[in-house]
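Undergrad: Submitted below is the structure of interest, expressed as structure tokens.
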Amino acid sequence: QLVESGGGLVQAGDSLKLSCVRSGGAFSNYGVAWFRQAPGKEREVVVSINWNVGATYDADSMKGRFTISRDSTKNTVYLEMTSRQPEDTAVYYCAAKYGGLGPNPTDEYNYWGQGTQVTVSS
């Protein structure tokens, strides 16, 4: 089970850090990604990480705007968001795929969190 936290209401230009914890086991050998879904839009990948080696993969449209990291002592993956804008308002989801250590198609992620709402006000 994946549990996200850290969402909320922020002002444009502010930073935010989201967390994703896997309960019931470690992230070893998993590829983990952050997705987001804005109202009326398709779910889109933001960034992903190979848990084993820490390699990260940015979605082309998101390059440089988000940072993904991991803490093996806490079994947690983070998403750091800086200089947020109103168009970043969305539900942010954490997803994991066992053995999917590179960037993976959305439909190959078989574990999903419930999502955390991020609202950026102007």
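Undergrad: Within the stretch 9-50, count every residue that is loosely packed, with under 12 Cβ neighbours inside 10 Å and part of a strand (DSSP E or B).
TA: Counting residues in the stretch 9-50 that are loosely packed, with under 12 Cβ neighbours inside 10 Å and part of a strand (DSSP E or B) gives 1.
Undergrad: What strands (runs of 3 or more DSSP E), lying completely within the stretch 55-122, carry at least 3 residues that are of a type outside the set (D, E, K, R) and either touching a residue at least 12 places away in the same chain (Cβ under 8 Å) or open to solvent by less than 60 Å² (accessible area, probe 1.4 Å) (or both)?
TA: Those strands (runs of 3 or more DSSP E) span 66-71, 76-81, 90-98, 116-121.
The values are calculated or read from the model by the stated rules, or taken from the named source; none is laboratory data. Keep in mind that this is a model prediction, so the values were computed, not measured. Neighbour counts are summed over all protein chains in view; Cβ atoms, including those assigned to glycine, are modelled from backbone coordinates with ideal geometry. Keep in mind that these areas ignore ligands, DNA and RNA; they rest on the heavy atoms of the full protein, side chains included. Shrake-Rupley method; radii C 1.70, N 1.55, O 1.52, S 1.80 Å.
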